[in-house]
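Comments concern the structure below.
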Amino acid sequence: MAGAAPGAGRRGVMKRWTVLFLLFVALLVGGYYWATEPVRYMAPAYPEAAARDPYLAARTLLEDWHHDTRRVFSTRALFPLPAPDTTLVMDPYRGDLGRDRIDQLLAWVAEGGHLVVAARPVYGDQDEDRERADPLLEQVGISARRLPAEDLDDDPMAELLGRFQPMESLFLEYCLGNEDDEDSQRQCERLACQAPSQAAPALTRDFDGTPRRLLIDNQLVLRYQGGDGLWQTALAGNDQGLKLVQVALGRGQVTAVAGLSFWDNDHLHYFDHAWLLSLLTAGAGPVWFVQGIDMPPLPLWLWEHAWPPILALVLALVLWLWRRLPRPGPLWRPAARDTTDYLGHLRALGHFYWRTGQGETLLAPLRDAARRRLALLHPDPDQALALAAERLALPENDLREALDASPGDRPRWIRRVAVLQQIRSRL
């Protein structure tokens, strides 16, 4: 009992230290949760498909609203037009559709279709280049005008810094080191710290009486002149001018906008952009996003504009391959099988040997084979001949002559060959 006390004491000490350690860990965990608070944050994440489809978010939202969506990249896929319950969203990058196709589009709208179309871009800085007639929008009394440079509030220095990010650190170093010039300090502060100025959102109350804001920020403004059979139903604009015009045509309507960037993946969730998408696609019909039909896929464009030379090249390639590739000639057929009688050949060979005095050459192998057969019957040659004559029913003298004497004429030679053949095959 005296020897067990020290061990029990050590176990008690270890148990107390273990309890203290666990208590310390529990206090640390409890203090962490008491002193901190979990914070959730959202980070933008772009799937790979978003890089290829700028309207992926809009199409995903429409599919959640039970709309079938589709992307169209060529006039061949757009025409013939779908059912009038479809909403067509057409981006600005389109070529001259032609009078016939424009008439088909407007007739489709008059039957109840809805066309949401962005004005085509206008290029050029001269006054005469700032306004261009869009053949499609011109039919509903709408034109697009490019704003002059002084109305865009563009800052050349800010644009330069935006393009050359490596210069940003040099610019900040210059600003921090130039403390004497107050004007430079204010300009540096504005460029480095203030957000770039943007045009005010376009405002409209024409849809449901509630103020709705749309950030349609680009270099275009719209102008509506009206026309026969048309009446304007909604307008949206800012201090730059009109940004959205909706015109009723027959049982359908045309909604013209200065740009579709407010529906792309980066801007759909701002202001009332998603609300406008829901309003303009009301109903259960599908929604088609028509993108870049001014330049269809290259193979399709080549076939539409240059099918005769393409067909000629294909035919030339086929002809060249036909001339260059090896072609099989007539099938080789083996020569007809020789039908010469083998026995006749042997007879001719025997006649040759007999005529040239070589008859014994033919008989020697056959006579040796016959003697080996007789040796198997009995070791004594005479007894063997007697047994052979008895079995073959032949005179013993005929057997002996066939084995020993050479024939003098051809008939006897043939008879001896026959006797020797019987000895070899029947014994």
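Per-residue packing, averaged as other Cβ atoms within 10 Å, sorts the ranges 242-255, 85-98, 372-385, 345-358 into the order 242-255, 85-98, 372-385, 345-358, beginning with the highest.
For Ser261, the accessible area of its heavy atoms, probed at 1.4 Å with every protein chain present, is near 50 square angstrom. Surface composition of region 207-259: carbon plus sulfur atoms hold 46% of the accessible area, using a 1.4 angstrom probe and ignoring ligands, DNA and RNA. Straightening the chain between Arg10 and Phe24 buys 2.9 nm, computed as 0.36 nm per residue apart minus the Cα-Cα spacing.
Between Thr356 and Tyr342, the distance separating the two model label sites (each 7 Å from Cα on the Cα→Cβ line) works out to 2.3 nm. Amide hydrogen proximity for Thr69: with H placed 1.01 Å from N in the peptide plane, the residues at 5 or more positions away or on another chain lying under 5 Å are Val287.
The label-point distance for Gln421 and Ala375, in a model that sets each label 7 Å from Cα toward Cβ, rounds to 2.5 nm. Extension gain, Glu182 to Leu387, is 59.0 nm, computed as 0.36 nm per intervening residue step minus the present C-alpha separation. Within the full protein context, the accessible area of Trp322 is estimated at about 150 Å² for a probe radius of 1.4 Å.
Rolled with a 1.4 Å probe across the full set of protein chains, the surface gives Glu182 an accessible area near 120 Å². Here the gap between Ser278 and Asp68, fully extended at 0.36 nm per residue and compared with their Cα-Cα distance, gives a gain of 74.2 nm.
The values are calculated or read from the model by the stated rules, or taken from the named source; none is laboratory data. Everything numeric in this text was worked out from a predicted model, so none of it was measured. Heads up, the Cβs are rebuilt from the backbone with ideal geometry, glycines too, and the neighbour counts pull from every protein chain shown. The accessibility values were calculated without ligands, DNA or RNA, using every heavy atom of the protein model including side chains. Shrake-Rupley method; radii C 1.70, N 1.55, O 1.52, S 1.80 Å.
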